[in-house]
1. Roughly how big is the chain's charge dipole about its Cα centre, with Cβ charges of +1 (Lys, Arg) and -1 (Asp, Glu), in debye to the nearest 20?
2. Which residue, Gln40, Val63, Val8, has the largest displacement toward the positive end of the dipole of the chain when charges sit on each Cβ (Lys, Arg +1; Asp, Glu -1)?
3. In whole Hz and in residue order, list the ³J(HN,Hα) couplings for the range 16-31 that follow from phi through the Karplus curve 6.51 cos²θ - 1.76 cosθ + 1.60, θ = phi - 60°; x for Gly and Pro.
4. Using a 10 angstrom Cβ neighbour count of at most 12 plus a DSSP loop assignment to flag exposed GluC sites (Glu not before Pro), which longest range of the chain is free of such sites?
5. Could you work out, for the range 8-103, what percent of all Cα-Cα pairs fall into each 10 Å distance bin, beginning at 0 Å and stopping at the bin that holds the largest distance?
6. Restricting to Cα pairs below 8 Å that are 6+ residues apart, what does the relative contact order work out to for the chain? Please round to a whole percent.
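None of the figures in this text is laboratory data; all of them are computed from the coordinates on show. In this text, all values refer to a predicted model and were calculated from it rather than measured experimentally. Positions of Cβ are generated from backbone atoms using ideal geometry, with glycine treated the same way; all protein chains shown enter the neighbour counts.
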Amino acid sequence: MCRGYYHVGAEIHGNWQGENVQVISNTEGISVTENGITDQFEWGNIVQFGTLAVVLTKDDQAVWTIALAENFKRNSNASLPVEGDIVLYKAEMAENQPITLKIEK
């Protein structure tokens with residue numbers, strides 16, 4: 001099944017929670033809070049990557065990648081919340097585990 005093209009930044013608008021991690025996407029940009037430390041990324045530092053992800057950058061370097069999980073579905077009625085998860089990846093050379101986040105309702 002083809003999932004189509006998503007403007008990921010707009011699709012994930014809202015508050016997302018994972019284990020020791022929170023992502024907030026709003027009109028100012030996207031913030032990532034990990035273990036109490038927050039990084040704020042303005043929209044000028046958020047780059048669409050393919051059809052299902054965005055890369056959050058600082059000083060032209062990737063810091064985080066946010067991807068739509070396979071179970072992510074947007075509602076045709078924009079007033080309804082999205083369904084499914086997003087996945088957060090730290091952009092570093094060392095192997096790290098993806099972090100699954102769920103929308104706060």
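1. Dipole magnitude for the chain comes out near 400 debye.
2. Result: Val8, furthest along the dipole toward the positive end.
3. Calculated HN-Hα couplings, in order: 10, 10, x, 6, 6, 9, 9, 10, 10, 10, 9, 5, 8, x, 10, 10 Hz.
4. 29-69
5. Cα pair-distance distribution for the range 8-103, in percent: 16, 54, 27, 3, 0.
6. Once divided by the residue count of the chain, the mean separation gives 23 percent.
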